[in-house]
Amino acid sequence: MLTEMAKVRIIGVKASFDQTFEALYSFGKLQFDDLRPKIEKGELPIKSMQLPEGGEEQKEKLTTLAQRSRVLCAALKIDENSHVSQGMENPMLKAPTEELIQTAEEMVGGDTDEFVGELESETAALVKKSEDLEAELAELEKYKPIMAKVLPVVKQLTAGDVEGLDSTALLVEERYMAVFGQLEKELRACSDDRTRVVAAAQSDDGIVPMVVVFGRDYARPIRNYLRKEKATQIKLPDQFAKLSLDDALAQLEVRSEELVKEIAETKEALDTLAEGKKDQLLCIKDAIDDRIEEFEVLVQFGETAYTFVIEGYVPQRDYDELVQAIPAVGENVVLEQQPIEPHDYPDVPVEIAPRKGILSGFRSAIGLWGSPEYGTLDPTIILSISFPIIFGMIVGDAGYGLLMIIACLIMRMKMPKSIGVQNITGVLMPAGIATTIFGVFYFEFFGNLAHEYIPGLDAIKPIRIGSSFTFPFLRTESNLMTTLLFMAIGLGIFEMMVGLVFGMINGKKLGHTKHVIEKGGILLVLVAGILLAVTMAMPALTSSLGATGASVVRYVAYLLLALGLVSALFGGGIMGAIEVLESLTHSASYIRIMAVGLVGALLADAANDLAFHTMPNIGGVAIALVLHILNFAIIVFSPSIHALRLNFLEFFGNFFERGTKEYKPFVRAGKEGKS
């Protein structure tokens, strides 16, 4: 529901203005009303408050500095809507304006590149160190699996004695092992008999670890030969080259742990440095934004030679807190509450009370269309009923409905802190429930799967009620499509009538008498149309009434039609007549419920027929599954758009009055209520 607001007027002597203004700033829940239009019209015998001497020049400087602070935020990848760290005091908020300007100019008034460059120079060493450490760690991690393969081979070859010997490791594809014996001969030809080549007995993923051991005096020719033959040589980093392989592997592990710790410490130092600069910049940005807002609201107040006048709106729930805050300023300031008349409603800021659970999603959906005007009906609950009904009537499949419910529950559990996910699933879950209910009514479970292909259920036969209705209602049957058409139009006429009743209620709340008469006239026209349609479309009913009864019904319909047209013209003029026609066309727009719904139902039927009749094999089942997945994706989006359109354009058009002011209280940056 819409939050009840209290209209207040604060009057005091000028000597107490600064203290009063600061108290209201700290209060943070009062939205000021601009008194300039009333003063210009002569409704208030006062003049608009002027900025202090030099205020315009200060405001201009602050505006320029605010722009520069946002440029810096972008350069440093700081969200310009963020504020100083939680719990941190901002000393610049209460600094004199000249001091604020001077401090801001020193920090952000110079060259942006110079400020960013200064920060970069302070972080360059840390960044370079972090990059070097990460590169070293990546290099060591590369050696670990290689040494794990090579170490057993070297132990086998040297029995741990590596005095005067050097070695190199190769990783050779298993398919090249045929040249294994030839390789040792070629290497001995350029060295001596101590040169040995040993390969592991087993391969790992087709790769065989191979070790070449040789005298250190022959290191160069051996390595040159291997390089010439394009063999991949693995050489340990210099700090491990002179260690035994056992010791080298142990040192690798130790060094890796050290690197991980050093990298974490370096990144922490970087974050601390960046956070400090970030808070400095945000302190300045918040203080500048607040001071500019102060200058902007000051001119909305009124003043005389010795007094000041402030008017505004505060939620009624917070009025008592304001009553306690103002007397604390002193006896020279008076607070009074004024009545809010219907003619004030367009100027009253609107705050819609937060909704919990599923309704929060529909509240967000209303935000797509705008906030309602103060004093009118809150459409949140209305949308939470109408949207699922229209969506469910369009999709009408129990299988798809259950899938929607399950998907929404999983998403809500997986992402409980995501407001977007919670809002979207909060709208789609009731729609999924309605879809399941209508699926039972239509006897649809992934199309015609239930009543044609599932054993047991296919024996259920619809019960015929009259010549044009059955239960379950098989909407894809050609002889029932006309009934489905009338059902869709009937829902449209019903929502138009309900919308007109809501429109009359809103008109009464807003004090628009002619608006009430106009909406009432259109409602009478729709009632008359229903009576005439019934007498023409149901001859059995007409005959049961008899000739006299039928004539009475027609005469009443003609009377209501005439009275409705006169009322619509009286209340809305020529626009009243146009709105009568719009109500009829809007009712006809609900035909899309039938059209869009049948497309999805027939696509599901086609997928089932393909799998069970046309291609009763694995290929047909696969294609049918793809079609069902595609159909499910379509029904999540397309019916949602049509349901929202029918609600916002057709249904809400009869009663929804869009508000022009959103509740945005005067509050310091970073506090609740201010982004």
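The values are calculated or read from the model by the stated rules, or taken from the named source; none is laboratory data. Bear in mind that the values here come from a model prediction, so they are computed numbers and not experimental data. Note that we place each Cβ from the backbone using ideal geometry, even for glycine, and neighbour counts take in every protein chain shown. Surface areas here come from the heavy atoms of the whole protein model, side chains and all, with no ligands, DNA or RNA. Shrake-Rupley method; radii C 1.70, N 1.55, O 1.52, S 1.80 Å.
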#### Entry: segment 364-391: number of residues that are buried (at least 22 other Cβ atoms within 10 Å of the Cβ) and free of Cβ contacts under 8 Å to residues at least 24 places away in the same chain
1
### Task
Taking K519 as the residue in question, decide whether it is surrounded by 16 or more Cβ atoms within 10 Å (Cβ to Cβ) and charged (D, E, K, R).
yes
### Task
Return only the number of the condition from (1) touching a helix residue (DSSP H, G or I) at 6+ places or on another chain (Cβ under 9 Å); (2) polar (S, T, N, Q); (3) at pLDDT 80 or above that S203 does not satisfy.
(3)
### Task
Go through (1) among the hydrophobic types (A, V, I, L, M, F, W, C); (2) in a helix (DSSP H, G or I); (3) modelled with pLDDT of 90 or more; (4) surrounded by fewer than 14 Cβ atoms within 10 Å (Cβ to Cβ) one by one and return the number of the condition L322 breaks.
(4)
### Condition check for I352: over 25 Å from L93 (Cβ atoms), open to solvent by 10 Å² or more (accessible area, probe 1.4 Å) and hydrophobic (A, V, I, L, M, F, W, C)
yes
### Query
Considering segment 555-591 alone, what residues qualify as being of a type outside the set (S, T, Y) and touching a residue at least 60 places away in the same chain (Cβ under 8 Å)?
E579, E582, H586, A588, I591
### Query
Would a scan of segment 409-421 turn up a residue that is in a helix (DSSP H, G or I) and either surrounded by 19 or more Cβ atoms within 10 Å (Cβ to Cβ) or touching a strand residue (DSSP E or B) at 6+ places or on another chain (Cβ under 8 Å) (or both)?
no
### Message
Every residue in segment 7-49 that is β-branched (V, I, T) and not in a helix (DSSP H, G or I), please.
### Response
V8, I10, I11, V13, I46
### Query
(1) within 30 Å of T97 (Cα to Cα); (2) modelled with pLDDT of 90 or more; (3) out of contact with any helix residue (DSSP H, G or I) (no Cβ under 8 Å at 6 or more places or on another chain); (4) open to solvent by less than 50 Å² (accessible area, probe 1.4 Å): which one isn't true of V299, the others all being true?
(3)
### Task
Would you kindly identify the helices (runs of 4 or more DSSP H) lying entirely within segment 548-647 that contain at least 3 residues that are open to solvent by less than 30 Å² (accessible area, probe 1.4 Å) and more than 28 Å from I517 (Cα to Cα)?
591-609, 618-645
### Query
Among the candidates I340, I310, which residue alone is more than 30 Å from I78 (Cβ to Cβ), among the β-branched types (V, I, T) and in a loop (DSSP other than H, G, I, E, B)?
I340
#### Entry: Residue check, L62 crowded, with 18+ Cβ neighbours inside 10 Å and assigned to a helix (DSSP H, G or I)
yes
### Message
For segment 447-480, give me the residue count where each residue is at pLDDT 90 or above and assigned to a helix (DSSP H, G or I).
### Response
2
### Members of segment 437-454 found to be farther than 20 Å from L610 by Cβ and open to solvent by 20 Å² or more (accessible area, probe 1.4 Å), listed by number
I437, F438, V440, F441, F443
### Query
For residues in segment 328-339 being modelled with pLDDT under 85 and under 43 Å from the mean Cα position of the chain (by Cα), which is nearest to F21 (Cα to Cα)?
V329
#### Entry: Check on I394, open to solvent by less than 20 Å² (accessible area, probe 1.4 Å), β-branched (V, I, T) and not in a loop (DSSP other than H, G, I, E, B)
yes
### Task
Enumerate the pairs (first residue in segment 498-526 and aromatic (F, W, Y); second residue anywhere and assigned to a helix (DSSP H, G or I)) with beta-carbon separation below 8 Å, excluding pairs fewer than 6 apart on the same chain, so at least 6 apart or on different chains.
F502/I382; F502/N654
### Task
Find all pairs meeting these conditions: Cβ atoms under 9 angstrom apart; at least six residues apart or on different chains; first residue within segment 46-62 and under 23 Å from L35 (Cβ atoms); second residue of a type in the set (G, A, S) and part of a loop (DSSP other than H, G, I, E, B).
none
### Query
Which one of these does E321 not meet: (1) over 19 Å from R658 (Cα atoms); (2) in contact with a strand residue (DSSP E or B) (Cβ under 7 Å, 6 or more places away or on another chain)?
(2)
### Message
Considering only residues that are among the hydroxyl-bearing types (S, T, Y) and open to solvent by 40 Å² or more (accessible area, probe 1.4 Å), which ones fall in segment 477-506?
### Response
S478, T482
